[in-house]
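Working notes, beginning with the structure itself.
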Amino acid sequence: MEERTAGRLGRGLSVIGLGTWQLGADWGQVADDDALAVLAAAVDSGVTFLDTADVYGDGRSERLIGAFLRGLGPARPGGIVVATKMGRRGPQDPAEFTLDNFRRWNDRSRENLGVETLDLVQLHCPPTAVYRTPAVYEALDTLVAEKRTAAYGVSVETCAEALEAIARPHVAGVQIIINPFRQKPLTEVLGAAHEAGVAVIARVPLASGLLSGKYRHDTVFAPEDHRAYNRDGSSFDVGETFSGVDYDTGVEAAAEFAALAPEGATPAQTALRWIIQQPGVTTVIPGARNAGQARANSAAAALPALPGPTLDAVRELYDRRIRARVHHRW
């Protein structure tokens, strides 16, 4: 699979990675054996970038990744990069983002993953004020100096937060929602990130599954699935669920998007192909609840580039159906 490198990160990442929120919690239950099968299928398909967080299942996702990589033993492919995130285990108060807490959170992730040095640690959508605080970046620099992590980055909700982080000289990566229903970063973030040498990690690439084309107006999600309980943003930023698009509008727009899929490609693969064609995107991190989904996601990297008329149609669909219905801050 193609790998892309951003200057500040200095490591190649597969253009399609694997997001592992669903292996921890908030997407319904995934058994340990199924989670390990997802990881195996992704790596076997050429994925070299795995993204997790310390709060995904209270560390379950990290522990599963650690167990999987240890299980590979000498057969472990070279170049696998594991990124985790920190900052949502405690109160969402800027005063909590201190070096002592960073060390504590970092130590727990290193133990969960079974490594001395993390490949990449990212602030996990903290309060906006955190991105503007010089002491935060000084503390992150200290983690690198202490070899607790090789590099650091941020996961953000808004383009403004992404630009704030990109302006800091040692931020190696920015993780931000990008998909055919969330296009604002294309014009506001990607160019700045590319110029600065910052890796762009596109998350929520299928708009919480909407862009797979599988869901209908009457689809019922499990009670523990955030697509059931966070549609109004009552648990965390509503932009994380269906990219902030109201569900019924999203279902209708997704049906139109599915009709744009080229022959031999699924709607989900088409969405992933669309994302990795955007100049400045380093990698995209779809999730997968089973091995088949992981293989299908990875296969999107080998699809032919989407032609100009298809790209134009995706933009027209966004402008007509989505743009006015998504909060301006995204």
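Summed over qualifying helices (DSSP H, 4 residues or more, each -39500 (n - 2.57)) and divided by its residue number, the chain shows a 222 nm mean residue ellipticity of -10500 deg cm²/dmol. The residues of the range 138-228 have, on average, 35 Å² of accessible surface per residue, using a 1.4 Å probe with all protein chains present. Let a ≥ b ≥ c be the square roots of the eigenvalues of the Cα gyration tensor of the range 281-330; is it rounded (a/c under 1.5), or, if not, prolate (a/b larger than b/c) or oblate? Verdict is oblate for the range 281-330. Overall, the range 1-79 carries a charge dipole of about 380 debye about its Cα centre when +1 sits on the Cβ of Lys and Arg and -1 on the Cβ of Asp and Glu, all other atoms neutral.
Dipole magnitude of the chain about its Cα centre, charges +1 at Lys/Arg Cβ and -1 at Asp/Glu Cβ only, in debye to the nearest 20?
With only Lys, Arg, Asp and Glu charged at Cβ, the dipole is about 360 debye.
When 330, 21 are compared by accessible area of protein heavy atoms, the largest-first order is 21, 330, using a 1.4 Å probe. The Cα center of the range 154-223 and the Cα center of the range 252-325 differ in position by 14 Å. For residue 25, the amide hydrogen comes within under 5 Å of the amide hydrogens of 57, counting only partners 5 or more places away or on other chains and with H modelled in the peptide plane.
Mind putting a number on the dipole of the range 184-330 about its Cα centre? Charges go on the C-beta only, +1 for Lys and Arg and -1 for Asp and Glu, and I need it in Debye to the nearest 20. It comes to approximately 180 debye.
Antiparallel DSSP bridges in the range 70-186: what percent, to the nearest 5?
Antiparallel: roughly 5 percent of the beta bridges in the range 70-186.
Considering only 310, 228, 239, and ranking their Cα positions along the charge dipole of the chain that arises from unit charges at the beta-carbon of Lys, Arg, Asp and Glu, the one farthest toward the positive end is 310. Which Cα, out of 217, 92, 279, lies furthest along the positive dipole direction of the chain (beta carbon charges, K/R +1, D/E -1)? After comparing all options, I get 279. On the range 117-267, 54 percent of the accessible area sits on carbon and sulfur atoms, based on a 1.4 Å probe.
When DSSP assigns beta bridges and you keep just the ones with both residues in the chain, what percent turn out antiparallel, to the nearest 5? Bridges in the chain that DSSP calls antiparallel: roughly 15 percent. For a test of the definition: using alpha carbon positions, the gyration tensor, and the 1.5 limit on a/c, classify the chain as rounded, prolate or oblate. It is rounded, given that a/c, with a ≥ b ≥ c, falls under 1.5.
The values are calculated or read from the model by the stated rules, or taken from the named source; none is laboratory data. All values reported here derive from a predicted model rather than from experimental measurement. Neighbour counts run over all protein chains shown; Cβ positions are idealised from the backbone, glycine included. Areas reflect the complete protein model, heavy atoms only, side chains present, ligands, DNA and RNA absent. Shrake-Rupley method; radii C 1.70, N 1.55, O 1.52, S 1.80 Å.
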